[in-house]
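Here the structure comes first, spelled out in structure tokens, and everything after it is commentary.
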Amino acid sequence: EGPEVETLVAKCLPAACQLLAEEAKEETIALSLETIHLCCGVSDKVTASVAPQLTELLLRVWAKHNTNPHVTEAVNDIIANLATNPSCAAGVMSKWTPAMVGIITQGCVNKKMVLQGTVERAIQLLAALIRSWDQSKPLPSALFSAVSPLFRLMLETDDNSAMQAGSGLLTLLLRRGKSQMLQGKIQGRSVMEVLSMVVNRLLSPNVTDYAACEAGPLLTQLVFGMGKEIGQNAASSLVSATAKRLVRAEKPVLIASLVTFLAHVVKALGPNRMLSALENVDSKNNIMPLVMTKWVMTHGDFYSCYAQKCSLIALGMILTSGDPRPYKMHVQVERVREPPPGRRPTRQNAGTQKLKIMLATEMVALLC
């Protein structure tokens, strides 16, 4: 069965590439891309034989249809697949990295490219290349040419999607190539200095919740992956800034992102030290009750299973720590109103009522 499938792929893949090269209608392009994606996942040997031509062809298609998210996302999937093939990875990286870095650079001055989503998808493709790259090997140096334009974009744009994609790419670069990334300079400033400016902007109330929703993973990487580089004082400042931003956050997607980071801090510092740190964030106002209330009352709206898991583990640690502070805080919740004694629930007597309960009680309810 193996040789037969490989023979079929050897016929289909060049035919799909030829159809794609003829610049057909977008419907035909979509079918060609789907066929190429399937073939590339079946036979590494056949894929490697056409990789140079395919890489060049896909780059032309991506450039021509860069405003069509369906086409660019399909091409991104194929490129990510090619990057996992040891025979194709270097060629794909050398061809696509300069092109995508160029698009990010142009997006810093051409706002239309940002609004159309072209810059976002270029950032996403670079992120896909990093994820596909062999973890036993250092990242190609060409990838780090994206750092300077990416920083500029993150400091200037107001586009939610570009900010989200940029935060994700920065997190990946720091996770996979920290030492390489920190070697450079950005307009005379150290990378750490500019990175601090980006993080401060993400945690600023002037940036929308949606634009900042990928701040949590970046904060986690900075504090737990680069603790020696940033120092204890900077890490403490990041925790304080996160707590202040959490109090102002309204969208569950951002609250979940920041709570996930704080949950990691709870695990690292211990519940008692974490609660004390929250109490000392503001010398004039104790925001610890506000942080914990926002955390507990929004937990049910967390979409990510990972965020829910981290949140529950941290809440369980706080509850079992013996710290009395969760029992001294109260929150207002809605509960189903019980019908009068001896009467069956009906539309008239059913409904909800607002109750004031201990925060610890609500935490127990979430854990159960």
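For Val281, state whether it is modelled with pLDDT under 90, aliphatic (A, V, I, L, M) and open to solvent by 30 Å² or more (accessible area, probe 1.4 Å). Answer is no for this residue. Taking the criterion of being over 20 Å from Ser87 (Cα atoms) and among the acidic types (Asp, Glu), the residues of the range 1-41 that qualify are Glu1, Glu4, Glu22, Glu23, Glu26, Glu27, Glu34. When restricted to residues that are under 16 Å from Thr72 (Cα atoms) and open to solvent by 50 Å² or more (accessible area, probe 1.4 Å), the range 36-52 contains 1.
Which of the residues that make up the range 238-260 are touching a Leu at 6+ places or on another chain (Cβ under 7 Å), among the small types (Gly, Ala, Ser) and more than 14 Å from Asn285 (Cβ to Cβ)? Across the range 238-260, the qualifying residues are Ala241, Ala249.
Per the listing Leu290, Leu258, the residue uniquely open to solvent by 70 Å² or more (accessible area, probe 1.4 Å) and hydrophobic (A, V, I, L, M, F, W, C) is Leu290. Residues that are out of contact with any Lys or Arg (no Cβ under 6 Å at 6 or more places or on another chain) and either in a helix (DSSP H, G or I) or within 25 Å of Val199 (Cβ to Cβ) (or both) within the range 139-152 comprise Ser141, Ala142, Leu143, Phe144, Ser145, Ala146, Val147, Ser148, Pro149, Leu150, Phe151, Arg152, listed in sequence order. Of everything in the range 165-212 that is basic (Lys, Arg) and in a helix (DSSP H, G or I), the residue that is most open to solvent (accessible area, probe 1.4 Å) is Arg175.
For the range 58-81, does any single residue satisfy the condition of being of a type in the set (Gly, Ala, Ser), open to solvent by less than 10 Å² (accessible area, probe 1.4 Å) and either under 21 Å from Ser132 (Cβ atoms) or touching a helix residue (DSSP H, G or I) at 6+ places or on another chain (Cβ under 8 Å) (or both)? No, because not a single residue in the range 58-81 is of a type in the set (Gly, Ala, Ser), open to solvent by less than 10 Å² (accessible area, probe 1.4 Å) and either under 21 Å from Ser132 (Cβ atoms) or touching a helix residue (DSSP H, G or I) at 6+ places or on another chain (Cβ under 8 Å) (or both).
Leu275 falls short of the stated requirement of being under 26 Å from Gly177 (Cα atoms), surrounded by 17 or more Cβ atoms within 10 Å (Cβ to Cβ) and not basic (Lys, Arg).
Residues that are under 16 Å from Arg121 (Cα atoms) and β-branched (Val, Ile, Thr) within the range 73-93 comprise Val75, Ile78, Ile79, listed in sequence order.
Taking the criterion of being polar (S, T, N, Q) and surrounded by fewer than 19 Cβ atoms within 10 Å (Cβ to Cβ), the residues of the range 86-104 that qualify are Ser87, Ser94. Just one of the numbered conditions (1) open to solvent by 20 Å² or more (accessible area, probe 1.4 Å); (2) more than 29 Å from the chain's Cα centre (by Cα); (3) at pLDDT 85 or above is not true of Ser32: (1).
Tell me, which residue of the range 324-342 that is part of a loop (DSSP other than H, G, I, E, B) and modelled with pLDDT of 75 or more is surrounded by the fewest Cβ atoms within 10 Å (Cβ to Cβ)? This residue is Pro324.
Put simply, of Ser311, Ser321 the only residue that is in a loop (DSSP other than H, G, I, E, B) and not aliphatic (A, V, I, L, M) is Ser321. If only residues of the range 35-69 that are modelled with pLDDT under 85 and among the aliphatic types (A, V, I, L, M) are counted, the one that is farthest from the chain's Cα centre (by Cα) is Val46.
Let's see how each residue does on (1) more than 21 Å from Asp159 (Cβ to Cβ); (2) surrounded by fewer than 19 Cβ atoms within 10 Å (Cβ to Cβ); (3) under 19 Å from the mean Cα position of the chain (by Cα); (4) of a type outside the set (Phe, Trp, Tyr):
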site	(1), (2), (3), (4)
Gly225	yes, yes, yes, yes
Ala235	yes, yes, no, yes
Ser240	yes, yes, no, yes
Leu246	yes, no, yes, yes
Lys251	no, yes, yes, yes
Gly270	yes, yes, no, yes
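The values are calculated or read from the model by the stated rules, or taken from the named source; none is laboratory data. All values derive from a computational prediction rather than experimental measurement. A quick note on method: Cβ atoms are made from the backbone with ideal geometry, for glycine too, and the neighbour counts reach across all protein chains shown. Remember, those area values only see protein heavy atoms, side chains included, never the ligands or the DNA or RNA. Shrake-Rupley method; radii C 1.70, N 1.55, O 1.52, S 1.80 Å.
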